[in-house]
1. LYS96: of a type in the set (Lys, Arg) and within 22 Å of HIS43 (Cα to Cα), yes or no?
2. Considering every residue within segment 71-79, establish whether at least one is hydroxyl-bearing (Ser, Thr, Tyr) and either part of a loop (DSSP other than H, G, I, E, B) or within 27 Å of ASN50 (Cα to Cα) (or both).
3. List every residue pair whose Cβ atoms lie under 6 Å apart, where the two residues are 6 or more positions apart in sequence or sit on different chains, the first residue falls within segment 79-97 and is closer than 30 Å to GLY4 by Cα, and the second residue, located anywhere, is basic (Lys, Arg) and in a strand (DSSP E or B).
4. I'm told ALA101 meets every condition in (1) of a type outside the set (Ser, Thr, Tyr); (2) surrounded by 17 or more Cβ atoms within 10 Å (Cβ to Cβ); (3) in contact (Cβ under 8 Å) with a residue 24 or more places away in the chain except one. Can you identify the failing condition by its number?
5. Of the conditions (1) over 14 Å from the mean Cα position of the chain (by Cα); (2) under 28 Å from SER12 (Cβ atoms); (3) surrounded by 14 or more Cβ atoms within 10 Å (Cβ to Cβ), PRO120 clears all except one; give me its number.
6. Which residue out of TYR45, TYR115, TYR128 is in a strand (DSSP E or B), touching a Leu at 6+ places or on another chain (Cβ under 6 Å), at negative phi and of a type in the set (Ser, Thr, Tyr)?
7. Select from segment 60-115 the residues that are out of contact with any Pro (no Cβ under 7 Å at 6 or more places or on another chain) and among the basic types (Lys, Arg) and list them in ascending order.
8. Considering only segment 86-110, how many residues are assigned to a strand (DSSP E or B), within 23 Å of ASP59 (Cβ to Cβ) and not aromatic (Phe, Trp, Tyr)?
Amino acid sequence: MAKGLKLGVQSSSDHISTHTSYAMIYTPSSSRVDIVKAMRERHVYAATDNIILDVQARDGDRNCMMGDIFEPRSKRVQFKIKVVGTDVITRLDIIKNNTFAFTKEGNAKEMTVDYSDEAPRKGENYYYVRIQQIDRNMAWSSPIWLLID
């Protein structure tokens, strides 16, 4: 991503191990066409357990989800993050342009975070979320890209 690539993330275990991994896909149906479309739009996230992760950016009346690329109407974009873990969530990080922009410690199986970036840099900015649980399972979102004039 630091090189300008627009990639979504997924997790897989292809080495016949006992490890668990999930490629989570937000799609309107389970049809092959919709699944492939959602993957191409990067509406995906990775997890090592059946963790629910919802990351959205709000710009006025528009909602964008993980994987989206958009030009915000204002320089202040709000992020809404909801996590439902399978165990106690110990930490949530928001990574902006390859640096930690926000961290919140946790102690419950669910977490909701509202985050606003008051000063995105001119040009391209990307944000993704990573969560960690007490049992060491994790989930991380595909980025959301903002293009600022």
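Every number here is computed from the coordinates shown, using simple stated rules; none is lab data. Because the structure is a prediction, the values reported are computed rather than measured. All Cβ positions, even for glycine, are placed from backbone atoms using ideal geometry, and neighbour counts span all protein chains on display.
1. So LYS96 passes the test.
2. yes
3. These pairs meet every condition: LEU92/LYS104; ASP93/ARG130.
4. (2)
5. Among (1) over 14 Å from the mean Cα position of the chain (by Cα); (2) under 28 Å from SER12 (Cβ atoms); (3) surrounded by 14 or more Cβ atoms within 10 Å (Cβ to Cβ), the lone unmet condition for PRO120 is (2).
6. On inspection, the qualifying residue turns out to be TYR45.
7. Listed by number, the residues that qualify are ARG62, ARG73, ARG76, LYS80, LYS82, ARG91, LYS96, LYS104, LYS109.
8. So the answer is 8.
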